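The values are calculated or read from the model by the stated rules, or taken from the named source; none is laboratory data. For clarity, every value in this text was computed on a predicted model and none was experimentally measured. Please note: Cβ atoms are built from the backbone with ideal geometry, for glycine as well, and neighbour counts cover all protein chains shown. Keep in mind that these areas ignore ligands, DNA and RNA; they rest on the heavy atoms of the full protein, side chains included. Shrake-Rupley method; radii C 1.70, N 1.55, O 1.52, S 1.80 Å.
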Amino acid sequence: MMYSLSKISVHISRTSVLRANAIFNRSKASATVGPLQNFANRLENETGTTRVGNNHLQRVVEKTRNVEDLEKLADLISIFRSRNKPIRRNVASQVVNLWVDKGEPTFAARMVRNKAKYGLYPDTATYSALLSALVGVGRNKAYISVFERMLLDNDDTVPSEEVMNTLVAAACAADCPAHRSKVSQYCAAATTDGFLGDAVLQQIAELATACVENGELSSAAHCLKCNMPEDSKRELELRVAVGKESVDEVVAVLQNYAAGPFSAELLAEVIAMPNQGTLAASISAAVTNICSAHGIPVPAVDASSEDAEAEEDDGDADAAGTDSSAEAAPPAADAAGDAPMTDADLFK
């Protein structure tokens, strides 16, 4: 049997509305059930001449007062969206702000991310309010995913300094290497676009420090592309070079910031770096000059490590001497007259 597309569409629509109506039948009556039920009835009885549009949805959103009605409203929005009805940006912003105002930013974040089900594309100001609310309830990882969604929804969006500042703070608080890596790359890109303020740059310095402390040197390197305060950047560049055990990079940083200053602990790490080779003298001279200029005691090389290396070298030399003396023993024995027996001696 053949069915027309219009009949199939009506069947699907009525099925989804019956599912929505079941929500109201299972719930207790409240002051806002009237507008919600009225909206559900409109969807159920929708025809070609009685269309349900954004104005109807907007009135329902404005009249929703209780937190317990938010789930019912979310179901009706998904049904509205399933009819291929685009939701206007101002209405989408009202929906998200409603959830934020009712203390449910996490659910609002889920709705914003699920475009297929809800189709919400709020404006940048609403995204900013949602982001702040997420940080307020400790949802730092959700913050980063919503930030990415905001960039995708608004191609021409330039995140505010407040949003970027909170983004970096969320990455520091999330304690997640993947998130620190993402945010450090966003920061490097934002520096290229030139819209990072001083407050954000100070936060980026803290993010870079967290990356270094956790051994995430590539993420720290992204942060260093930002124009953070020189005092922070100077110290971090040297920490990254030391962490990578790159003697060449250490020398380059010391030469670039010849006047310093650096912390005494970091300079001690520089002096103690292994495998300095021919650059050891340059490193030592640079560290000595910086320490002298700022009245810092020049860190000494660990004498115990030098003694251990010397003992190891002496041990190798002794072993080599023992081997050579062992090989030279037969000639010494010959000199003493204990020569090996000849064939003539055997048959005497």
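The set of residues in region 199-208 being open to solvent by 30 Å² or more (accessible area, probe 1.4 Å) and touching an Asp or Glu at 6+ places or on another chain (Cβ under 9 Å) consists of 199 alone.
Results for (1) open to solvent by 10 Å² or more (accessible area, probe 1.4 Å); (2) free of Cβ contacts under 8 Å to residues at least 60 places away in the same chain; (3) assigned to a helix (DSSP H, G or I); (4) not β-branched (Val, Ile, Thr), shown as yes or no for each residue.
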| residue | (1), (2), (3), (4) |
| --- | --- |
| 132 | yes, yes, yes, yes |
| 143 | no, yes, yes, yes |
| 147 | no, yes, yes, yes |
| 155 | yes, yes, no, yes |
| 168 | no, yes, yes, no |
| 188 | yes, yes, yes, yes |
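Among all residues of region 64-71, there is none that is closer than 29 Å to residue 154 by Cβ, in a helix (DSSP H, G or I), modelled with pLDDT of 90 or more and under 42 Å from the mean Cα position of the chain (by Cα).
Only one entry in 221, 241 is part of a helix (DSSP H, G or I), open to solvent by 30 Å² or more (accessible area, probe 1.4 Å) and among the aliphatic types (A, V, I, L, M), namely 221.
From the list 206, 235, exactly one residue is in a helix (DSSP H, G or I), charged (D, E, K, R) and closer than 21 Å to residue 164 by Cα. Which is it? Lay out the reasoning, then the answer.
Values: 235 fails: closer than 21 Å to residue 164 by Cα.
None of the other options fit; the residue is 206.
Looking at 159, 122, which is the one that is surrounded by 21 or more Cβ atoms within 10 Å (Cβ to Cβ), over 15 Å from the mean Cα position of the chain (by Cα) and modelled with pLDDT under 90? Please lay out each step first, then the result.
Details: 122 fails: modelled with pLDDT under 90.
Criteria check complete, one pass: 159.
Of all residues in region 35-47, those that are over 23 Å from residue 65 (Cβ atoms) have Cβ atoms under 7 Å from Cβ atoms of residues that are assigned to a loop (DSSP other than H, G, I, E, B) and open to solvent by less than 10 Å² (accessible area, probe 1.4 Å), 6 or more apart or on another chain, in 46/52. Being at pLDDT 80 or above, open to solvent by 50 Å² or more (accessible area, probe 1.4 Å) and of a type outside the set (Gly, Ala, Ser) holds for only one residue in 330, 274, and it is 274. Out of curiosity, is residue 299 in contact (Cβ under 8 Å) with a residue 24 or more places away in the chain, farther than 30 Å from residue 193 by Cβ and open to solvent by 50 Å² or more (accessible area, probe 1.4 Å)? Here the answer is no, as residue 299 does not meet what is asked.
For region 244-265: of the residues being open to solvent by less than 20 Å² (accessible area, probe 1.4 Å) and assigned to a loop (DSSP other than H, G, I, E, B), which is modelled with the highest pLDDT? In this case the residue turns out to be 262.
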